[in-house]
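Since every read-out is calculated from the coordinates, none of them should be taken as a lab result. Since the structure is predicted, the reported quantities are computational estimates derived from the model, not experimental observations. Cβ placement follows ideal geometry from the backbone for every residue including glycine, while neighbour counts extend to all protein chains displayed.
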Amino acid sequence: MKMRITYALVCLVMLFACNQPQDQTTSPLLSEYQVFLSKLDSTDITTAVTAAKQYQLLFKGADTATKDKGFILFNKYYGVLENTANAQHDKDTTNYEALFMLDSTGEAMPAPKKLKDYNEGLKRNGLQLAASEGTTYIQQDKDFIAKWFYHYVSPVMKTYLEQLNRENKEGFQEDAGLTITEKQYVQRLVWWDNFIQKNPVFVLIDDARANRKYLLTFFLEGMDNSPVLAFSDSKEVEEYYKTAYSYLGDKFPHSETNQIVEPYFKALLQKDSAKAANLLKDYKKKGIIIDFKYD
């Protein structure tokens, strides 16, 4: 079994790791929950439910700011569980690909009960199997967050978590190639524009900005198998990006994203590769998009 690791996934993990709040233990309640989490066995996925139940017990009567900070503590532990489960899965020699096989009509093929039980066990504890590039791996099932936390966290946190869940289900890329539609990509970027503008003091605002920065980077620079410029003509904009940039300008002309993309798109259409390259260089220098040489 081999874990799926793509350069895009690594970059996203690094971004979010760098932006996680470092200290959430600002009250006795949060300190108590932190101690509780530290005593759990992170190699046991069933502790996800244990941690969620304890969160509800402790924070039921707390103010929303404290509930949000308590959730962040859980989410950090949740990430540890995911990583540990993946490490264990990586050593497993069982072939789980049967869970993802489709017949000629596109319907799921019957899978052995043992494999189904394994996946169901993961899902009960907030995890799920996924497949990419011929390998399987474990990722968070964010419906678990909906079930245990949406009724407790603040409305802004709930909105934020709902968006992450939506994006997780829609997907983003596969084998260094984009898998979402042009409109989905644009709408996702504009959603983050609006969220960040409306919630400047949100407790996870740095994560929100990092997510938008990640998305904007590939929107401008493309991916190995979804390049901005056509393989056959290094100065011709691929139809995907031409459609996406045009849709952005037509539907969201005043968005922050469009203010960044519009001059770049114009330079590409004019086949002014030097100007386009200088714009990207400037955006990296200003921290608007990721500079993979340094980030």
Report task. Give me the lysines in straight-line cross-link reach of Lys275: C-alpha distance below 22 Å, same-chain residues under 8 apart excluded. Result -> Lys213, Lys235, Lys242, Lys266, Lys284, Lys285, Lys286, Lys293
**Report entry** Sites His254 and Glu221, calculated FRET efficiency, Cβ-Cβ separation with R0 25 Å, nearest 0.05
**Finding:** 0.60
Query raised in the report: Expressed in nm to one decimal, what extension gain is obtained for the pair Ala146 and Lys60 from 0.36 nm per residue of sequence separation less their Cα-Cα distance?
Result: 29.4 nm
Query raised in the report: Around Glu238, which amide H atoms from residues at least 5 apart in sequence, or from another chain, sit under 5 Å from its own amide H, with H modelled in the peptide plane?
Result: Leu229, Ala230
Query raised in the report: When the chain is fully extended, how far beyond the present Cα-Cα distance does Glu162 get from Trp191, taking 0.36 nm per residue of separation?
Result: 9.2 nm
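Kindly identify the range 206-250 as rounded, prolate or oblate by the Cα gyration tensor criterion: order the square roots of the eigenvalues as a ≥ b ≥ c, call it rounded if a/c is under 1.5, otherwise compare a/b with b/c, prolate if a/b is larger, else oblate.
oblate
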Query raised in the report: Once the piece of chain linking Glu170 and Arg209 is laid out straight, how much longer is it, given 0.36 nm per residue of separation minus the C-alpha distance between them?
Result: 12.1 nm
Requested in this report: Calculate, axis by axis, the spread of Cα positions in the range 171-295 along the three principal axes, and write the results as whole Å, longest axis first.
Outcome: 46, 31, 29
Query - the range 171-295 - charge dipole about Cα centre, Lys and Arg +1 at Cβ, Asp and Glu -1, debye rounded to 20 - result: 460
**Report entry** FRET efficiency, Tyr247 to Val201 (Cβ-Cβ, R0 35 Å, nearest 0.05)
**Finding:** 0.65
**Report entry** Zone residues, the range 48-78, relative to Val35, backbone N less than 15 Å from point 7 Å out along Cα-to-Cβ
**Finding:** 58
Query raised in the report: To the nearest 10 degrees, how steeply does helix 205-221 sit against the main Cα axis of the chain, on a 0 to 90 scale?
Result: 40
Query raised in the report: Roughly what would the spin-label model give for Asp233 and Asp282, points 7 Å off Cα along C-beta, in nm?
Result: 2.7
